[in-house]
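Notes follow the structure.
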Amino acid sequence: MKPREESVGARSGVAGGLTGLRPDGESASAFAAAQKVLAGGVNSPVRAFKAVGGVPRFMSRAQGAVLTDVDGNEYVDYVGGWGPMVLGHVDERAKAAAGKVLCKGWCFGTPTEQETVIAQRIIADIPSIEVIRFVNSGTEATMSAIRLARGFTGRDLIVKCEGCYHGHADGLLVEAGSGATTFGAPSSAGVPAAMAAGTLLVPYNDLDSARVLFAAHGRSIAAFILEPIAGNMGCVPPADGYLAGLRSLCDEYGVLLIFDEVITGFRVGLGGAQGLYGVRPDITCLGKIIGGGLPVGAYGARREIMERLSPLGPVYQAGTLAGNPLAVGVGLATLEALHEPGVYAQLESLSARLADGLAAAARAAGVTICQNRVGSMSTVFFQAGPVTDYASARKSDVRAYGFYFQKMLNQGFYLPPAQFEAAFVSLAHTERQIDETLAAAERAFAGLARWVP
Ligand code: HOZ
């Protein structure tokens with residue numbers, strides 16, 4: 001596919017100056033009203049802009065790679081709904097699929113044929129999955145996968161990596177990345193000590209630590225769960241041999257290896273991170289892109305594991321809206337669109353253009369950054385790097401990130417509102433929008449070089 005050129009970058013409003021955007025008065029009013037009735041004014045903490053300051057922008061519509069806020073300002077979007085919007089916003093194919101569902105009914109509480117079709121699609125693309133179960137979110141997927149692993153192995157302990165984030169289930173909110181890190185609660189209040197005690201921790205990308213832990217506890221461990229490419233401490237790829245090393249270690253001790261591919265599934269390729277690195281997990285968790293922006297999650301594995309689930313086996317998990325027709329319809333349309341030739345090459349080319357340009361702009365301004373990128377997911381860390389794990393990610397200058405974020409926002413570019421998140425490029429982005437982003441970043445980096453905090 002060739003990048004489209006018809007859509008332009010952010011369009012300025014009336015205020016002029018560097019920003020050219022309208023004042024954020026409507027967003028400010030909307031936030032004030034929201035704070036009276038929603039905890040913190042939001043339904044997910046990172047949306048509140050606490051890490052970067054300023055007024056969170058309330059969006060009213062989106063098209064392609066552009067978000068429009070309630071003040072009428074437009075922003076080139078690098079959040080992409082936190083990952084699902086790989087086709088861009090209001091993609092015609094996804095919209096048509098939603099329309100079909102809306103004409104026929106969108107909640108039956110019964111099986112539908114489309115659930116089988118999307119299951120077949122995913123299983124064809126991800127060979128480690130023979131049987132799948134749909135849920136409503138990534139959190140549900142990982143939580144259910146852990147229960148299944150415990151039920152399958154008859155063991156209780158799990159291992160997770162510091163800085164990986166697997167949603168907000170109790171046993172997984174231990175040294176968790178994403179908003180949990182951003183807001184200083186990587187191990188949340190309200191998680192019973194007994195739950196946290198069932199979760200053992202190792203540093204990401206550190207095979208030796210995992211070996212030591214397994215030597216002590218290996219025969220009591222049900223599962224090792226990780227993001228095969230971390231996205232929730234910022235983007236952190238696996239070191240050479242790390243995933244393969246974990247695979248061998250898990251095999252040695254009879255531990256199930258769980259890849260949380262909620263972000264990376266269909267993001268870094270049709271086969272996800274496991275396809276990219278050639279390592280098969282026992283259980284895969286999916287979400288985001290497989291619902292195309294509708295609430296969805298899924299977990300899948302080989303048949304003997306999945307057949308431990310009710311109604312075949314003793315592990316219980318259920319959901320009123322699981323496999324909802326709207327989510328399945330839009331998800332399936334999204335996955336089919338990703339099978340068009342050249343799609344991942346296009347994402348790679350746009351994302352490389354952005355990353356190369358940002359590196360050059362930072363260098364020219366004398367600003368130190370370290371970028372991690374795998375395909376269309378990436379993070380600019382404000383530090384020299386390398387960033388290979390949670391400890392190194394946390395060395396980033398979060399105030400510098402906040403400055404950069406605000407300068408970009410005020411020029412019409414919407415980046416993740418926290419350092420410990422990944423940015424995403426979609427198929428709706430154009431080279432022109434990327435180049436406009438780079439011009440804005442040059443100005444932001446120049447400002448940062450002069451900035452005295
Ligand atoms: N890193 C989170 C999703 N992977 C951000 C979304 C949220 O917390 O709202």
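The numbers here are math on the coordinates, done by the rules we state, and not lab data. Predicted model only: the values in this text are computed from it and were never measured. We place every Cβ from the backbone using ideal geometry, glycine too, and count neighbours over all the protein chains shown.
Computed values, structure above
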quantity	calculated
Label zone at Lys100, where the point sits 7 Å out along the Cα-to-Cβ direction: segment 60-92 residues whose backbone N lies under 15 Å	92
For Cys235, Cys107, Cys370, order by how many other beta-carbon atoms lie within 10 Å, fewest first	Cys107, Cys370, Cys235
Likely footprinting exposure, Trp82, Trp451, fewest C-beta neighbours within 10 Å first	Trp451, Trp82
Two-site FRET efficiency, Glu431 against His217, from Cβ-Cβ distance with R₀ of 45 Å, rounded to 0.05	0.35
Exposure proxy ranking, count of Cβ atoms within 10 Å, fewest first, for Asp24, Asp397	Asp397, Asp24
Estimated distance in nm for a label pair at Trp451 and Tyr253, the labels positioned 7 Å out from Cα along Cα-to-Cβ	4.2
Point-to-point label distance, His339-Ser209, nm (Cα→Cβ direction, 7 Å offset)	4.1
Full-stretch length increase - Val117, Ala33 - with 0.36 nm per residue and alpha-carbon distance subtracted	26.0 nm
Helix-only CD estimate at 222 nm, as mean residue ellipticity for the chain, using -39500 (n - 2.57) per DSSP H run (n ≥ 4)	-11500 deg cm²/dmol
Residues of segment 339-368 with amide N under 17 Å of a point placed 7 Å along Cα→Cβ from Met59	none
Counting DSSP beta bridges with both ends in the chain, the antiparallel % (nearest 5)	55
Given charges at beta-carbon only (K, R positive; D, E negative), |dipole| of the chain in Debye	540
Spin-label model distance (nm) - Ala439 vs Ala384, 7 Å beyond Cα toward Cβ	3.4
Between helix 92-104 and the chain: long-axis angle, C-alpha atoms, 0 to 90°, nearest 10	60
Cα long-axis angle, helix 207-217 against the chain (0 to 90 degrees, to the nearest 10)	40
Among 261-268, 139-146, 381-388, the order from most to least packed when residues are scored by Cβ within 10 Å on average	261-268, 139-146, 381-388
For the chain, fraction of C-alpha pairs farther apart than 41 Å, in %	14
Segments 355-363, 60-68, 310-318, 155-163 sorted - mean Cβ within 10 Å per residue, highest first	155-163, 60-68, 355-363, 310-318
The chain: angle of helix 242-253 to the longest principal axis, Cα-based, in degrees nearest 10	20
Beta bridges by DSSP in segment 227-383, antiparallel share as percent, to the nearest 5	65
Cα centroid separation - segment 42-108 against segment 330-402, whole Å	20
Across the chain: Cys residues that no other cysteine approaches within a C-beta distance under 4.7 Å	Cys103, Cys107, Cys235, Cys250, Cys285, Cys370
